[in-house]
Amino acid sequence: MALTDEKIKDLEGKALDIRRSIIEMLIEAKTGHTAGPLDMTDIFTYLYFIALKHDPKKPDWQYRDRVVLSNGHICPVLYATMAHSGYFPVSELKTLRKFGSRLQGHPHREWLPMLETSSGPLGSGLSQAVGMAIAERIDTGRTGSKQMYCFLGDGELDEGQNWEAIMLAGRERLGNLTVVVDRNNIQIDGFTEDIMPLNPLPDKWRAFNWHVQEVDGHNFRAIDEAFGQARAVSDRPSVIIAYTIPGKGVPEFEGKFEWHGKAPTTPEEIEQVKRALWNVRTLGGKIQSENESA
Amino acid sequence: MINPSQKLNPKIFDADVEQVPIRKGFGEGLLQAGINDTRVVGLCADLTDSTQMNLFKQRFPDRFIEMGVAEQNLASVASGMAAMGKIPFITSYAMFSPGRNWEQIRTTIAYNDRPVKIAGSHAGISVGQDGGTHQALEDIAITRVIPRMVVISPCDAIEAKKATIACAMTKDPTYIRLAREKTPIITTDATPFVIGKAQLMFSPGDASKTPDKKTEVGIIATGALVFKAIKVAQALEQLGKAVKVLNITTIKPLDEEAVWKLAQECGAIVTVEEHQIAGGLGGAVAECLAQHCPVPIEFVGVADKFGQSGTPNELIEHYGMGESHIKAAVMKVLLRKK
């Protein structure tokens, strides 16, 4: 069932709240990653409020879908979305990266057991999601109802281990696995196509026997269709290559790789994010990505 | 004399003592662990026969995953399976797992606190002809520094089988070190085995040969070289030297009490292992004794070198881990005793 206009408006409002929380966390922490969390906010909002089978009050519910965040550095969006979904109080978000906090600089499930995995070192999340999908199949056969969702950064695909996992998932035809690649075109040292070209990225995944979709990562209707398709495909693993604008929502940050790995700290930067995110009711209409036609 | 309470192989000193590759015990143990618990799964990186996972694969094809030559994926896929309640055993050569995939083991297995069991076959210099690239001499060092990781180095195939069955029942991420070559059988099915417990294998017992003597040197050994350590102790007993041999199967957590009590009793220690001297059993023993009971220690192992091709015996002798070297280390440490 397609999303109604009303539902989309609701998601846009939630996404704005989550972006504001991300910015507040980063300003308070004074360190952390800004671009990725802001560009994945819409997809995280969609996943946690629409697609995911989960129970925030019972995080260890055994029939839940699994979410593996491989690019752990974008954890502010994970933490903020989980808090806004009811996993823990929104007020706890401001402890990000502080001594004794459950919200470690990169996710650690020893501190926050409701996380499915710890992550940070790039390239190993997909393997874990593949392991989960295989284990599920051993237990339940191909019709297992749990979906394994794994988030990857595009720069992260430089890591060879991903391709080991992509190869295995293709061979195993893991229909219960959906990967989202954050195709924001940036990594720490620059633009991905300058550092280590990934294109033609969809063709690479197809060559490994994956079901491939490309989607505007800021268009809820398109996101909804892509996740629906991914769930419907049962004979192959699915990848959704989500074209996103790094730093989405703060015009001064958008598209700049310099915002990959730092937090807003100067009064001018803080003023820029406040102006962008607190003077609007939603980012609806402002966040159509130029890649929408893709 | 051989410690009777350990119920060791009565034929241990026979010329035709039975010899079995340690890895074979792992294969039999894994099969048994798989029978005992349906949660046990096996993953292998294209070395199913030589790591002896084939027994498990044949019996439980649906619980076996062929990973191809991809050790990093091997470690992390196992972590994901453990997250869903499985007890994964992963195998490759020790050089590649835990060698190549160390960070994946650290982060996705140990940091994540997943009960993955890492079996590294072909460990040590006795891999032989394959040469230095394939001789893992650093694996104990790199695994024992990882928090939560249990490190087990069996002395023969029977002990390897027991260790494999035992570690399938713990929640701990565990590394099991396996040698390729045929190794003399020291223990029996009746020999007690507990993870974390050292075993006294040999103690001076023949009063006619060592009258009124308390033990002069303690040898602490692990893996396939435990056999040589026992033989040296027996030969020294004939010469009137009183030596004890402690088998350390579990290098981490180390049975510290057994180690420092032996040091306290003997006042001098020799460590014996088929591994770099730095960071291995010798390092673990030295860390323990520096803190609890400082005594002179001599280290038998590889002295900061890479291996090369050769027969196992040639290499053991060339790199200083033969019986003559163990004996020389005992004599040297005796001279250093105050």
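The values are calculated or read from the model by the stated rules, or taken from the named source; none is laboratory data. The structure presented is a predicted model; accordingly, all values stated were derived computationally and were not measured. Virtual Cβ from ideal backbone geometry, glycine too; neighbours counted across all protein chains shown.
Filter the stretch B:111-133 for residues that are among the charged types (D, E, K, R) and without any contact (Cβ under 8 Å) to a residue 60 or more places away in the chain and give the result. Across the stretch B:111-133, the qualifying residues are B:Arg114, B:Lys117. Would you mind telling me which numbered condition in (1) under 30 Å from B:Gly80 (Cα atoms); (2) small (Gly, Ala, Ser); (3) at pLDDT 95 or above B:Ala179 fails? Tallying (1) under 30 Å from B:Gly80 (Cα atoms); (2) small (Gly, Ala, Ser); (3) at pLDDT 95 or above, B:Ala179 fails exactly one: (3). Only one of these is under 21 Å from A:Asp224 (Cβ atoms) and touching a Lys or Arg at 6+ places or on another chain (Cβ under 7 Å): A:Leu16, A:Leu52, A:Leu11, A:Leu3. Name it. The match here is A:Leu3. For A:Leu26, the test of being of a type outside the set (Phe, Trp, Tyr) and part of a helix (DSSP H, G or I) is passed. Candidates are the residues of the stretch A:145-156 that are within 10 Å of chain B (Cβ to nearest Cβ) and not basic (Lys, Arg); the one that is farthest from A:Tyr79 (Cα to Cα) is A:Met148. Look through B:Phe56, B:Phe60 and report the one residue that is within 13 Å of chain A (Cβ to nearest Cβ), at pLDDT 95 or above and farther than 23 Å from A:Gly160 by Cα. So the residue among B:Phe56, B:Phe60 that is within 13 Å of chain A (Cβ to nearest Cβ), at pLDDT 95 or above and farther than 23 Å from A:Gly160 by Cα is B:Phe60. Among the helices (runs of 4 or more DSSP H) confined to the stretch B:7-105, the ones with at least 3 residues that are touching a Phe, Trp or Tyr at 6+ places or on another chain (Cβ under 8 Å) and in the same structural domain as B:Asp156 (by TED's automatic domain parsing) are located at B:22-36. Quick one: how many residues across the stretch B:95-118 are buried (at least 24 other Cβ atoms within 10 Å of the Cβ) and acidic (Asp, Glu)? Qualifying residue count for the region: 0. Looking at the structure I just gave you, is B:Gln58 surrounded by fewer than 20 Cβ atoms within 10 Å (Cβ to Cβ), in contact (Cβ under 8 Å) with a residue 12 or more places away in the chain, within 23 Å of B:Lys162 (Cβ to Cβ) and not charged (D, E, K, R)? The answer is no for B:Gln58.
When we screen B:Ser121, B:Ser153 for residues that are buried (at least 21 other Cβ atoms within 10 Å of the Cβ) and within 18 Å of B:Gly42 (Cβ to Cβ), the only hit is B:Ser121.
Residues in the stretch B:227-268 that are modelled with pLDDT under 95 and within 14 Å of B:Gly282 (Cα to Cα): none. Of all the residues in the stretch B:145-181, those that are assigned to a helix (DSSP H, G or I) and in contact with a Lys or Arg (Cβ under 9 Å, 6 or more places away or on another chain) number 5. If only residues of the stretch A:122-137 that are without any contact (Cβ under 8 Å) to a residue 40 or more places away in the chain and in contact with a Lys or Arg (Cβ under 9 Å, 6 or more places away or on another chain) are counted, the one that is nearest to A:Trp210 (Cα to Cα) is A:Gly131.
In summary, helices (runs of 4 or more DSSP H) completely within the stretch B:227-338 and bearing 1 or more residues that are in contact (Cβ under 8 Å) with a residue 40 or more places away in the chain, among the aliphatic types (A, V, I, L, M) and under 23 Å from B:Ile142 (Cβ atoms) occur at B:256-266, B:281-292, B:312-318. For the stretch B:41-48, the count of residues that are surrounded by fewer than 24 Cβ atoms within 10 Å (Cβ to Cβ), within 11 Å of another protein chain (Cβ to nearest Cβ) and in contact with a helix residue (DSSP H, G or I) (Cβ under 7 Å, 6 or more places away or on another chain) is zero.
Residue-wise test of (1) at pLDDT below 95; (2) away from every other protein chain (no Cβ under 13 Å); (3) buried (at least 23 other Cβ atoms within 10 Å of the Cβ).
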position	(1), (2), (3)
A:His84	no, yes, no
A:Phe88	no, yes, no
A:Leu122	no, no, no
A:Ala135	no, no, yes
A:Asp158	no, yes, no
A:Arg171	no, no, no
A:Arg183	no, yes, yes
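Within the stretch B:244-257, being under 19 Å from B:Val330 (Cα atoms) and more than 16 Å from the chain's Cα centre (by Cα) holds for one residue alone: B:Lys244.
The single condition among (1) modelled with pLDDT of 95 or more; (2) surrounded by fewer than 18 Cβ atoms within 10 Å (Cβ to Cβ); (3) away from chain B (no Cβ under 14 Å) that A:Asp189 does not meet is (1).
Taken together, the residues in the stretch A:232-250 that are surrounded by fewer than 21 Cβ atoms within 10 Å (Cβ to Cβ) and closer than 21 Å to A:Gly190 by Cβ amount to 0.
Checking each residue of the stretch A:178-200 against the condition of being farther than 22 Å from A:Thr34 by Cα and part of a helix (DSSP H, G or I) gives no match. Whether a residue is within 7 Å of chain A (Cβ to nearest Cβ) and not aromatic (Phe, Trp, Tyr) was assessed, and B:Ala83 passes this test.
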